[in-house]
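Quick notes on the structure that follows.
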Amino acid sequence: MHSKINESFTPLKPEEIPTEWYNIQADLPEPLPPPLDPTTLKPISPQLLERIFAKELIKQEVSTERYIKIPEEVLDAYLRLPRPTPLYRAKRLENYLKTPAEIYFKCENFSPTGSHKTNTALAQAYYNKEQGIKRLVTETGAGQWGTALAFSCTLFRLNCRIYMVKASYYQKPGRRIIAQIYGAEMFPSPSEQTNFGRKLLKENPENPGTLGIAITEAIEDTLTNEDTRYSLGSVLNHVLMHQTIVGLEAKKEFELIDVYPDVVCGCIGGGSNYAGFAFPFMMDKLRGKTNTEFVACESKAVPHTTRGVYAYDYGDTGKMTPLLKMLTIGHGYACPPIHAGGLRYHGMAPLISYLIYKGYMRSVAYTQNEVFEAAKILAQTEGLIIAPETAHSLKFVIDEALKCKKTGEKKVIAMNYSGHGLLDLTAYEQFLSGKLVDYEPEKIEVPSFNY
Ligand SMILES: *Cc1c(COP(=O)(O)O)cnc(C)c1O
């Protein structure tokens, strides 16, 4: 233990940063079902995948090695984000709630673009650059992923093109401008740049776009440009693995203060920030060493794990991506316009889906107003303005801490603080003026996938 530990902010020294990512596939009781080719519906060939992703990333996607070394260049970029990020004890929130529980946040809000997404963006840009790729293409919804990839592409000298959901492109220009400052080419999706975009615009010039549409455009762009690869900010195994730097650091930080969490929670859009935080702890549970509770928090408007089915589904609207076995509410699901843009995706990462389906984790869902109510409590006790996505897990933390108050349990609750909310002030304004709408679909109709 450090001699003078500051229990409100537990920092690892730069030289204590983990130098390998953790690959949970090494510890699963069985292999994950393979991705399927969208045309043949048979397990996909590596050649097709190599046209979409950098080779090293495909290797990582299917690897069952427990630890994978972080390249020097990526480690150096991590240290400059900066990493390690601190573990924060929210003592003033505990006092306000009068709870015997201890509340800890792992702070991923300090990166230059304000969220955890740079942890994988840097790794993906690096491996593509190493392979001699000139240009990365991706999609973005509210813009968190777009800004993280644009940031990483400028550091590794890659061209970057981003298809941004049209509604966000015009209504939430902040992150679009940040990506443009980094030099990325931004197009509102559906766009005139792809066949799929042109087709949709012909049918309806006012089409506001969705993440699923933007993914189709990004993949089409990739497949029609030889020097280009595609980059995804969540969902895939290798993306979740890059995020484990978060949980590996947190584990060391908890060791420094001689604490092990009883509850590990986080919000889930595609599953990457929560997986990155939770998997190094899940490793202990999978080996029968601990009985930690794992809770994934989502939006009631996009209830992919609480009301979805575990089935093979496409990742995009145009059915161009491989099919993944996951918890899904269907690739045609029209995600309501909630402010937590990062949670608006129909599917869930296969790894998280598997762990929920098998009962290793559970999930909960909330509506916008209760989530912003929790965010307001945090701002007025700790002074922190949290991302609307992250606020979904904060709502769970507060409920759990209040439960402990009733039972007298001194649970240690750990949450991944995936990002700050300083670019989401319009959402806060709508909440404060009582104009925020709660969406909750009556029926979720997932077409039956019998592949
Ligand atoms: C993108 C994002 C999320 C959701 O994505 P995951 O892949 O589930 O992590 C959550 N929080 C913030 C701040 C984000 O930017």
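Every number in this text was worked out from the coordinates using simple rules, so none of it is lab data. Please read these numbers as outputs of a predicted model, since none were measured by experiment. Reconstructed Cβ throughout: ideal geometry from the backbone, glycine too, with neighbour counts over all protein chains shown.
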| request: Taking only the stretch 91-141 into account, find how many residues are among the hydroxyl-bearing types (Ser, Thr, Tyr) and more than 29 Å from Leu402 (Cα to Cα). | output: 8
| Does Asn207 qualify as being within 26 Å of Arg161 (Cα to Cα) and in a loop (DSSP other than H, G, I, E, B)? | yes
| note | When the stretch 82-119 is checked residue by residue, the ones that are within 12 Å of the ligand (Cβ to nearest atom) and in a helix (DSSP H, G or I) are Thr118, Asn119
| query | So which pairs qualify, if the first residue must be in the stretch 414-435 and away from the ligand (no atom under 13 Å from the Cβ), the second must be assigned to a loop (DSSP other than H, G, I, E, B) and of a type in the set (D, E, K, R), the Cβ gap must be under 9 Å, and the two must be at least 6 apart or on different chains? | reply | Ala414/Asp262; Thr426/Lys172; Glu429/Lys435
| task | Go over the candidates Val259, Val239 one by one and state the one that is among the β-branched types (Val, Ile, Thr) and more than 28 Å from Gly330 (Cα to Cα). | result | Val259
| field | From the options Thr290, Thr228, Thr224, Thr216, residue that is within 22 Å of Met361 (Cβ to Cβ), over 19 Å from the mean Cα position of the chain (by Cα), more than 13 Å from the ligand (Cβ to nearest atom) and hydroxyl-bearing (Ser, Thr, Tyr) | value | Thr290
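Listed here are the residues, each with its yes/no results for (1) in contact with a helix residue (DSSP H, G or I) (Cβ under 8 Å, 6 or more places away or on another chain); (2) more than 14 Å from the ligand (Cβ to nearest atom); (3) touching a residue at least 60 places away in the same chain (Cβ under 8 Å).
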{"position": "Cys297", "(1), (2), (3)": "yes, no, yes"}
{"position": "Lys300", "(1), (2), (3)": "no, yes, yes"}
{"position": "Leu323", "(1), (2), (3)": "no, yes, yes"}
{"position": "His339", "(1), (2), (3)": "yes, no, yes"}
{"position": "Leu343", "(1), (2), (3)": "yes, no, yes"}
{"position": "Ala349", "(1), (2), (3)": "yes, no, yes"}
{"position": "Tyr354", "(1), (2), (3)": "no, yes, yes"}
{"position": "Val364", "(1), (2), (3)": "yes, yes, yes"}
| query | In the stretch 386-413, how many are within 15 Å of the ligand (Cβ to nearest atom) and not in a helix (DSSP H, G or I)? | reply | 2
| Hey, among the residues in the stretch 164-181 that are within 16 Å of the ligand (Cβ to nearest atom) and either part of a strand (DSSP E or B) or hydroxyl-bearing (Ser, Thr, Tyr) (or both), which one's surrounded by the most Cβ atoms within 10 Å (Cβ to Cβ)? | Met164
| task | Among the residues of the stretch 24-43, write down those that are in a loop (DSSP other than H, G, I, E, B) and either more than 15 Å from Tyr354 (Cα to Cα) or of a type in the set (Gly, Ala, Ser) (or both). | result | Asp37, Pro38, Thr39, Thr40, Leu41, Lys42
| task | Scan the stretch 301-322 and give yes if some residue there is within 16 Å of the chain's Cα centre (by Cα), part of a strand (DSSP E or B) and of a type in the set (Asp, Glu), otherwise no. | result | no
| note | Checked the stretch 249-287 for anything more than 10 Å from the ligand (Cβ to nearest atom), among the β-branched types (Val, Ile, Thr) and under 28 Å from Leu232 (Cα atoms); matches are Val264
| query | Hey, does the stretch 151-163 have a residue that's assigned to a helix (DSSP H, G or I), more than 17 Å from Thr118 (Cα to Cα) and either within 18 Å of the chain's Cα centre (by Cα) or not charged (D, E, K, R) (or both)? | reply | no
| task | Sort through Leu149, Leu155 and tell me the only one that's of a type outside the set (D, E, K, R), away from the ligand (no atom under 16 Å from the Cβ) and in contact with a helix residue (DSSP H, G or I) (Cβ under 7 Å, 6 or more places away or on another chain). | result | Leu155
